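The values are calculated or read from the model by the stated rules, or taken from the named source; none is laboratory data. Keep in mind the model is a prediction, meaning the values are calculated, not measured. Cβ atoms come from the backbone with ideal geometry, glycine included; neighbour counts cover every protein chain shown. Ligands, DNA and RNA are excluded from the accessible area calculation, which covers all protein heavy atoms including side chains. Shrake-Rupley method; radii C 1.70, N 1.55, O 1.52, S 1.80 Å.
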Amino acid sequence: MGGDWANWLGPAEWQAVRLSVRVAFWATVVSLPLGIFVAYALARWDFWGKQLLNGIVHLPLILPPVVTGYLLLITFGRRGPVGEFLDAWFGIVLSFRWTGAAVAAAIMAFPLMVRAIKLAIEAVDPKLEAAASTLGASRAWVFATVTLPLILPGIIAGSILAFAKAIGEFGATITFVSNIPGQTQTIPSAIYAFLQVPGGQDQATRLVIIAVAIAMAALILSEYLARRVAKRVAGS
């Protein structure tokens, strides 16, 4: 049975699946600390430019993905201001590399991650944090011992949604890193490529099934965790 499953996908399809998982994993892991920080800032702090920050965070949800990819290309490409600096000083090249695909996927998935974590933080009663502060705990300790345990299901839910979004990202990725088999060809890019050649429909269909399965599993799991957040906070 395991052999049949392994043979269900061809080498090119498995390559796209493995690369997609790799890209989505690093896109989620690297952006998670920043996502928690931004979500906490938007949920708890009042500062000048808060609405501007909120708009920038959610901008990738509104902009056409190709526009986001183009902005990444002119910024992080080898001739872009940031890309040229990274290449000259650190030897880091993002454009047309799998690392660039991870950056594009992270930016497109970041709003979903922040939104899920922000809702979890807003559901926590600030009086609980204030009570810990009156006992002499620092802000960092209050966050680590009070806030973080309560919002952990929200963090997990946001991470799952971000991971699923990163796996399904297409427009920004193909614009920034192109569609190079074995290097930047993720599941959506592979589906697009297979549909452009005669006889590629079966391969595309198999990858579509995998993409739908991942997306549905992520939605179900994130909804389950969101309900746990609500019950946990209600019982606190």
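Give the accessible surface of the chain per residue, rounded to a whole number of Å², with probe radius 1.4 Å and ligands, DNA and RNA excluded. Please report the intermediate quantities before stating the final value.
Details: 13050 Å² over 236 residues.
Result: 55 Å² per residue.
Which whole number of Å³ per residue matches the convex hull of the alpha-carbon atoms in region 99-221?
On the way: hull volume 12.7 nm³, N = 123.
Given the Cα convex hull of region 99-221, per-residue volume reads 103 Å³.
Taking the chain as a Gaussian network, Cα atoms linked when under 10 Å apart, which of Gly35, Gly55, Gly91 shows the biggest mean-square fluctuation?
Gly91
Under 23 Å between alpha carbons, and skipping anything fewer than 8 positions from Lys231 in its own chain: which lysines qualify?
Lys118, Lys127
For Ala43, what is the net charge nearby, where nearby means another residue's Cβ is under 13 Å from its Cβ and Lys, Arg count +1, Asp, Glu -1? Kindly include the intermediate steps, with their values, before the conclusion.
Values: positive: Arg44, Lys50, Arg115, Lys118; negative: Asp46, Glu122, Asp125, Glu129.
Here the count lands on 0.
What ranking of Met216, Met113 comes out by heavy-atom accessible area, probe 1.4 Å, highest first? Present the calculation step by step, with values, prior to reporting the outcome.
Details: Met216 100, Met113 0 Å².
Listed by decreasing accessible area, they come as Met216, Met113.
Based solely on its DSSP helices, what 222 nm [θ] is calculated for the chain when runs of n ≥ 4 H residues each add -39,500 (n - 2.57) and the sum is averaged over all residues, nearest 500 deg cm²/dmol? Kindly include the intermediate steps, with their values, before the conclusion.
Numbers: 12 runs with 185 residues, N = 236.
For the chain, the value works out to -26000 deg cm²/dmol.
Give the relative contact order (percent, whole number) for region 96-223; include only Cα pairs under 8 Å separated by 6+ residues.
Details: 127 pairs, mean separation 42.8, N = 128.
It comes to 33 percent, rounded to a whole number.
Calculate the length of the line joining the C-alpha centroid of region 11-66 to that of region 182-201, in whole Å.
A separation of 25 Å, based on Cα centres.
List the equivalent ellipsoid semi-axes of region 1-77 in whole Å, largest first, each obtained as the square root of 5λ for an eigenvalue λ of the Cα gyration tensor. Each step should come with its number before you reach the end.
Details: eigenvalues 268, 62, 21 Å².
That gives 37, 18, 10 Å for the three semi-axes.
Determine the shape class of the chain: with a ≥ b ≥ c the square roots of the Cα gyration tensor eigenvalues, call it rounded for a/c under 1.5, and otherwise prolate if a/b is greater than b/c, oblate otherwise. Show your work: numbers first, answer last.
Working: a/c = 2.58, a/b = 1.53, b/c = 1.69.
In terms of gyration-tensor shape, oblate.
Sequence gap at least 6, Cα distance under 8 Å: using those rules, report the relative contact order of the chain to the nearest whole percent. Don't skip to the answer; put the middle values down first.
Working: 298 pairs, mean separation 68.7, N = 236.
Computed over the chain, the figure is 29 percent.
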